[in-house]
Amino acid sequence: MMLPLYPNEFFGRSTGMVVGTLTGIGFGFALERSGFGRAPILAAQFYGTNMRVFKVMFTAIATAATGLAILAGLGWLDLGQLTIPETYWWPQLTGGLLLGVGFIIAGYCPGTACVAAASGDIGGMLTYLGVMLGSLVFGFTYPVFADLYLSGKAGVLRLDTLFGLPYSVVAAAVVALAVGCFFGAEAIERWFSKRNQQVAPDALMRPRNRSFAVLAVLALAALATLALPQTVQSAVARKAGTIKVLPLVDTALRQPEKLWLVDVREQKLCKDRTLPAAVCLSDVTKGAAAAMPSHQQLVLIGGDTIKEVPTQLAEFAGEVVSVQGGYPAYAAELLADLPAEATQSMSPARLAEYRLRGALHARLTGAQAPVAAPAAVVPTAAPASAAKKGGGC
Amino acid sequence: MLPTLLEHTSTRVNAEIDPVLHIWGWEIAVYLFLGGLVAGLLILSSLLLWRPRDTAPARILQLAPLVALVLLSLGMGTLFLDLAYKLHVFRFYLAFRPTSPMSWGAWILVLIYPVAALSGLLALGPELQGKLLKKLPLVGVLAWAQRQRQVLLGATLAGGVGLGIYTGLLLGTLTARIQWNTAVLGPLFLTSGLSSGAAFLLLFKLDEADRHRLVRWDMLALAVEGVLIASMVLGFANAGAAGQLAADALLGGAWTASFWSLVVVMGIAVPLVLESIEIKKHLPLVAVTPALVLLGGLALRAVLLAAGQDSGFRLLP
Amino acid sequence: MSDKTHNEAPFWNPYLAGIFLGLVLLGSFVVMGNGLGGSGAANRVAIGAAHLVAPQAVENSAYMGPMVAPGQHILDDWLVWEVLGVFLGGALAAYSAGRMKLVLLRGPRATVLSRLALALIGGVIMGVAARLGRGCTSGQALTGGAALAAGSWVFMFAVFGGGYLVAPLLRRYWK
């Protein structure tokens, strides 16, 4: 299983950002050509005269869902490595209702507002500005929403696990549901157009029937993968992502409840010295992995970066990461003596890292934080304004 | 890292220079951008006004050399902001060092002012010239400038080319910063300046023929820019260990996202596609295209400036 | 659409557009392991701006504070680049279809002022809603819907529900 590419380290984070820009171009192009850069078209969805929003969205969902089912069924893609929105029943229900209200008032949703702004609609620009302001309203009044925001948590919950059905069956059912709804949507459109004495939109049958045929083929292909031997999926061990030493130890000291640290090295090495709050793999009882809450992160500490999750821990439901470089990296980064460096010449990111390392080192070893790191010396403004020695040109 | 080596490293570690250079902030990026833009404006306006016209060109073309001077002054203002010893600025003009690009730059900047001001006078249409002559006693100057038209426009053109190349060479000669250790920077900043200049003019109302010409020149400049960037990256990738490090920063390293997304995709590829659609479909120009070109030009300077200051031979293993 | 001029390219057939959009989404999943988004970038840009104006207030917020913690940049996020792409892709599509024009699209009976006000108000409501629901139509309904996330399906039906609930009140404004 080599898909998805990025979590399997085919390329780095920064390259992934470029992929983001290119993906966005495809997304924006699709939205504009769908007619989603025009508020009156989007609003028509809610008056029954033009169900474009519903048709485009549901077709896209059905296509992507069956595509994922086929790739996973063939054993090429690991569904477990996809970043899937976690389920929080109540905030998602209320947030959805509220977003629908905002949608009909503004005529856009956030993504389509961006496309509308790009094509020159002032309403789209204002809507996106409003979304920014609204985000801040939420951020600054977060305590009001906090209880609701965190309620009804069910973790990563997929419909296939909820119903106890294979992924591809649910994806095929989505296609069937979608096509059924499309006939209904078209009937509604015809009814409203007749009442308003207008022509029903998109009455072209050929592209529609071809699209339905594509969806049907995708659904059948997804179901066909069920016939493939499924051993491919279970035989492959779970893969673990990586985490760097500094952010890990920082979290381990500040929010230990978020992590479950397991040292998977030999028992002797682990008993000798390990990270604070880490347990040795030999001490993990049978069934403990399955019982741990899934919102915790399982952190593996090895002699080096661990790529695959040990079988004793494979039943853990949450995210698994391993310490980059393992215990030796931890010892080298935080237990060895820290050299003093000239802090005023560092970029803010490096300075922050340096100070964090100093603080953690001091806490873990009892040593003094390095002399060069007092907070008072650190300029809070951009580094350009700090002690400048003449420039150029 | 070893204590025994501390003495050795302390002689190498200079505050402000190691581990990363920190002496140039946003002021220099803006200055380099404005310098390139001004160079482009001077070159393009000299070319467009080379042949005397029967009818006065669009207002922005008449004013282009003078607008360029205003922008150049703005740029020098940001440069001045960057100087630590502001009163010492005169010292640039006490000497000329042919091996120093800063010295070249200081003198080019000074020489451009009179030349561009005179071509600015020439560029003005009869209406604006009349207004100006009523306020200032410039009749004699204008008559002299009209006699020397070709010479003045040629000198403006040359000044623009010099300015455009110099903004790149300024970084290019600092070979200790491996990200700048490439001869491509001079021509790259010059072509980027040309496309910025064309984009700036395209933001304003122009005659159909001038607009068409500028769009085509802009496309050419953007395409050449793409080729130069490709050769720069390939050059880095095929150079020694230092070049590898410079290539890594742009191919998967810290500056990959901003370089490819902002400079290449937003600043070059998308405007090129928009302009070719414009020519092919005879669509009206929208401000989005030139705006993207200008933003891309600014991003090019900012990213290369920051990436260069982040890079150094000290990072080599 | 009365403002359609003769050289404006028609919109795609909705089903074909849906398949194209689905393939973009699938590509995002296959390459990056995550789907698309629309409101995350707005959140980050807004927090970044607020952090410049009132750093203390933002850092003290339980929700925003962790996003501006030292060692990271608020704009250094996949969604920010992706939305930059959405803008560029939208511009490319609109321009090549002959639809790029500075306008204020509104219902036939809506006034300029009411359109401006409602666009902003609707945006603010959606900004709150998108944070509360951990995503918008793109990040939840589309992405989560395709990945068969249970909560995202609830979100999607809630969006249509909310819209249909309030739409009759705004009939005069859109029709």
Entries in A:LYS55/A:LYS194; C:LYS101/C:LYS175; A:LYS194/C:LYS101; A:LYS153/A:LYS271; B:LYS131/B:LYS280; A:LYS268/A:LYS307 that, when Cα-Cα distance is taken, lie over 30 Å: A:LYS194/C:LYS101; A:LYS153/A:LYS271; B:LYS131/B:LYS280
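If we count every other residue with Cβ under 13 angstrom of B:PHE189's Cβ, Lys/Arg +1 and Asp/Glu -1, where does the sum land?
On the way: positive: B:ARG301; negative: B:GLU225.
That sum, taken over residues with Cβ under 13 Å, equals 0.
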Going by alpha carbons, how many degrees (0 to 90, nearest 10) lie between the helix axis of A:167-196 and the longest principal axis of chain A? 40
Could you check the spin-label model distance between A:ILE188 and C:VAL53? Points 7 Å from the Cα along Cα→Cβ, value in nm. 3.9
Let's see if you can work this out: charge +1 on each Lys and Arg Cβ, -1 on each Asp and Glu Cβ, no other charges. What is the dipole magnitude of the protein assembly as shown about its Cα centre, in debye to the nearest 20? 2420
On each of the three principal axes of the Cα atoms of the protein assembly as shown, give max minus min coordinate, whole Å, ordered largest first. 94, 88, 48
For C:164-173, what's the mean count of beta carbons from other chains sitting within 10 Å of each residue's beta carbon? 5
Using only the alpha-carbon atoms of chain A, report the extent along each of the three principal axes, biggest first, to the nearest angstrom. 83, 63, 45
Pop a pseudo-label 7 angstrom from the Cα along the beta-carbon direction at both A:TRP89 and A:GLU9 and give the gap in nm to one decimal. 4.0
Highest average packing first - C:23-36, B:227-240, B:105-118, Cβ atoms within 10 Å: C:23-36, B:105-118, B:227-240
So how strong a dipole does the stretch B:242-317 carry about its Cα centre when Lys and Arg Cβ are +1 and Asp and Glu Cβ are -1, to the nearest 20 debye? 80
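Quick check for me: using +1 on Lys/Arg Cβ and -1 on Asp/Glu Cβ, what's the dipole size of chain A about its Cα centre, in debye to the nearest 20?
740
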So what is the 222 nm mean residue ellipticity for chain A from helices alone, if each DSSP H run of at least 4 adds -39500 (n - 2.57) and you divide by all residues, rounding to the nearest 500 deg cm²/dmol? -16500 deg cm²/dmol
Using a 10 Å cut-off around each Cβ of peptide C:54-63, what is the average number of partner chain Cβ atoms that fall inside? 3
Take the alpha-carbon centre of the stretch C:7-51, take the same for the stretch A:274-339, and report the distance between them in whole Å. 36
Can I get the semi-axes of the stretch A:241-333's equivalent ellipsoid? Compute them from the C-alpha gyration tensor as square roots of 5 times the eigenvalues, in angstrom, largest first. 18, 15, 12
Spatial separation of Cα centroids for the stretch C:102-173 and the stretch B:212-265, in angstrom: 40
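So for the stretch A:241-333, averaging the separation of alpha carbon pairs under 8 Å that are six or more residues apart and normalising by length, what relative contact order in percent results? Please report the intermediate quantities before stating the final value.
Details: 156 pairs, mean separation 32.1, N = 93.
For the stretch A:241-333, the relative contact order is 34 percent.
Before rounding to the nearest 500, sum -39500 (n - 2.57) across all DSSP H runs of length at least 4 in chain C and divide by the residue total; then give [θ] at 222 nm in deg cm²/dmol. If you can, show how the numbers build up before the last one.
On the way: 8 runs with 104 residues, N = 175.
Rounded to the nearest 500, it is -19000 deg cm²/dmol.
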Rg [Å, one decimal], Dmax [Å, integer] - the stretch A:74-129, C-alpha atoms: 16.3, 47
Using R₀ = 41 Å, calculate the FRET efficiency as 1/(1 + (r/R₀)^6) where r is the Cβ-Cβ separation of A:CYS181 and B:VAL227; round to 0.05. 0.20
Inter-probe distance in nm under a simple model that places probes 7 Å from Cα toward Cβ, at A:ASP147 and A:GLN324: 4.1
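Percent relative contact order of the stretch A:6-233, based on C-alpha pairs within less than 8 angstrom and at least six residues apart? Walk me through the numbers on the way to the answer.
Details: 196 pairs, mean separation 67.1, N = 228.
RCO, the stretch A:6-233: 29 percent.
Using a 10 Å cut-off on Cβ to Cβ distances, tally the other chain neighbours for every residue of A:8-15 and report the average as a whole number.
Details: counts 1, 0, 1, 5, 7, 6, 14, 6.
So the per-residue partner count for this stretch is 5.
No value in this document is a laboratory result; all are computed from the given coordinates. Remember, predicted model here, so these are calculated numbers, not experimental data. Reconstructed Cβ throughout: ideal geometry from the backbone, glycine too, with neighbour counts over all protein chains shown.
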